[in-house]
Amino acid sequence: MFIFFKFNKEKRLGFKKLTEADLGLSTSHQTHIGLYEGVFTFLQNSDVVKSGILIYNDYCEVLDCSFDRIQNPDGSFRSPKIKIGSDSNNSIVAKIREFAKVSPKSKWYLIWSGLESEELTFWLIRSDSEDYNVIREVLPYENRVYGEEDSYYDKAIEILTQKINNVSISVQKGIEVASQIGDKSKLFKKVDIERAEAMFRSVGKRGEELIAEYLEKQKQANNIQSFDWLNKSMESGAPYDFIIDNKNYVDVKSTLYDFNQYIYFSNQEISFASKKDVDYCVFRVYGMKEENDIWLKKCYQCNPYISTMNSNITNFMNEVNVQKAMLQSLKLGILPENCFNDIQSAIKLG
């Protein structure tokens, strides 16, 4: 299994049966969920953390968590908790209570731990779910903190790692997009963006290697006469990656995820692809999370769409210049089905 999210080296997790007050099901006006000391030890006592990840069944989102501790008169700290916060409709506490209201008679549990990126992560579990059956086999005692000294810990963290990586595909896709466009969104941790950037470079290189292997087989089968891999030794800086039979320009666009993940084009690529006399196409390599389930779709006839986009971009940049401003760089994200008039059948690469 491809692992993007890994858990923090502090090796601690909390496991709590939530009370009616925690769930907002009592007559109290409690606005927080209390946690236990001994988890999130990588944080300073005075730290306030605004966001975290909530998992429940197949749900996974980055939400407001408003984590903090109470400071005592002597300067010490106690009572770590997550609060509803200022955005009461978009917080982890509010979302937990929303789920609980659907099944108020169920028992509800919360597991929390920190990711390698120091992202706070919370897993909500309902007592009549398969998740509950799985986790209770390795965490027999509730309302306590588990650490590496516990025989149960390693298996529990293995289950938690598998869970978050299985259900967080939409979050991972968002991080991949942010890494490609240079988005410094507060939703994602800097270390996650940096990991995604490194992974994107690695995925891009691997995608080109797979296409080189594919084209070599095509050449041996006499389906093509020749091909030139521009980036074989070093990045060429060209707006394409391969030239087939000295006339067909191929840009390889690779992703860990599905075919319909946005494809991003630079200014240079947009300008080149919009030329009428250029035979340009994209080889979309996707599904690279699993080495033995990688696919290729050849995407042709993008000139009408790209030319329109290029014209719109040129007009926009001219307007920017009129206003005596400067646009330093631009990336265009396009859904493949909107851009290409000819998308061929999938070919298995791995």
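Computed over the stretch 12-167, the range of Cα coordinates on each principal axis works out to 42, 36, 25 Å, biggest value leading. Kirkwood Rh over alpha-carbon pairs of the stretch 112-157, then Stokes-Einstein at 37 °C and 0.692 mPa s: what D in µm² s⁻¹, rounded to an integer? Answer from the Stokes-Einstein relation: 280 µm²/s.
Here's the picture: charge each Lys and Arg Cβ at +1 and each Asp and Glu Cβ at -1 in the stretch 200-348, and of T308, M288, F242 the one pushed furthest to the positive end of that dipole is T308.
If you average the alpha carbon positions of the stretch 242-269 and of the stretch 144-214, how far apart do those two centres end up, in angstrom? Comparing the Cα centres of the stretch 242-269 and the stretch 144-214, I get a distance of 23 Å.
Note that the stretch 63-73 has calculated 3J(HN,Hα) couplings of 10, 5, 10, 6, 7, 7, 10, 8, 8, 7, x Hz, one per residue in order, obtained from phi through the Karplus relation 6.51 cos²θ - 1.76 cosθ + 1.60 (θ = phi - 60°); glycine and proline are x. In this structure, the residue pairs whose Cα-Cα separation is over 24 Å, taken from K155/K190; K275/K331; K6/K297; K50/K155, are K155/K190; K6/K297; K50/K155. The calculated FRET efficiency for Q328 paired with S271, based on their beta-carbon distance and R0 = 22 Å, is about 0.90.
Every Cα-Cα pair of the stretch 157-283 was included, and the share exceeding 25 Å stands at 36 percent.
When both bridge partners sit in the stretch 200-348, DSSP labels roughly 75% of those beta bridges antiparallel. For the chain, what relative contact order do you get, as a whole percent, if you take Cα pairs closer than 8 Å and at least 6 residues apart? So the answer I get is 13 percent. Quick one: Cα centre-to-centre distance for the stretch 1-55 and the stretch 56-74, in angstrom? If we compute the Cα centre of each part, the gap is 6 Å. Modelled spin-label separation between D154 and N133, with each label point placed 7 Å from Cα along the Cα-to-Cβ direction: 2.6 nm. The stretch 88-137 and the stretch 271-324 have Cα centres separated by 42 Å. Ordering N341, L43, S91 by Cα displacement along the dipole of the chain toward the positive end leaves S91 in first place; charges were set at the Cβ atoms of Lys, Arg (+1) and Asp, Glu (-1).
Calculated FRET efficiency, R144 and S202, Cβ-Cβ r, R0 51 Å, to nearest 0.05? The computed FRET efficiency comes out at 0.80.
With both labels modelled 7 Å from their Cα along Cα-to-Cβ, the K173 to S86 distance reads 3.1 nm. The slack in the chain from Q162 to E337, taken as 0.36 nm per residue of separation less the alpha-carbon distance, amounts to 59.8 nm. Expressed in units of 2.2 N^0.38 Å, where N is the residue count, the Cα radius of gyration of the chain is 1.23. Using the alpha carbons alone, the radius of gyration of the stretch 200-348 stands to its Kirkwood radius in an Rg to Rh ratio of 0.99.
From least to most packed, judged by other beta carbons within 10 angstrom and beginning with the fewest, Y59, Y262 follow the order Y59, Y262. Shown in residue order for the stretch 255-262 are the 3J(HN,Hα) couplings computed by the Karplus curve 6.51 cos²θ - 1.76 cosθ + 1.60 at θ = phi - 60°: 8, 5, 9, 7, 4, 7, 4, 3 Hz (x for Gly and Pro).
Which parts of the stretch 218-238 would a label at Y264 reach, counting a residue when its backbone N lies under 19 Å from a point 7 Å out along Cα-to-Cβ? Under cut-off, by backbone N: 235-238.
In the chain, the DSSP-assigned H stretches of four residues or longer account for a calculated mean residue ellipticity at 222 nm of -10000 deg cm²/dmol, using -39500 (n - 2.57) per stretch and the full residue count as denominator. Please work out the FRET efficiency for the pair K219 and I3, using the Cβ-Cβ distance as r and a Förster radius of 35 Å; give the result to the nearest 0.05. Working from the Cβ atoms, E equals 0.45.
Read-outs throughout are calculated quantities, based only on the coordinates presented, and are distinct from any laboratory measurement. Please read all numbers here as calculations on a predicted model, not as lab measurements. With ideal geometry, Cβ positions are generated from the backbone for all residues, glycine too; neighbour counts draw on all protein chains shown.
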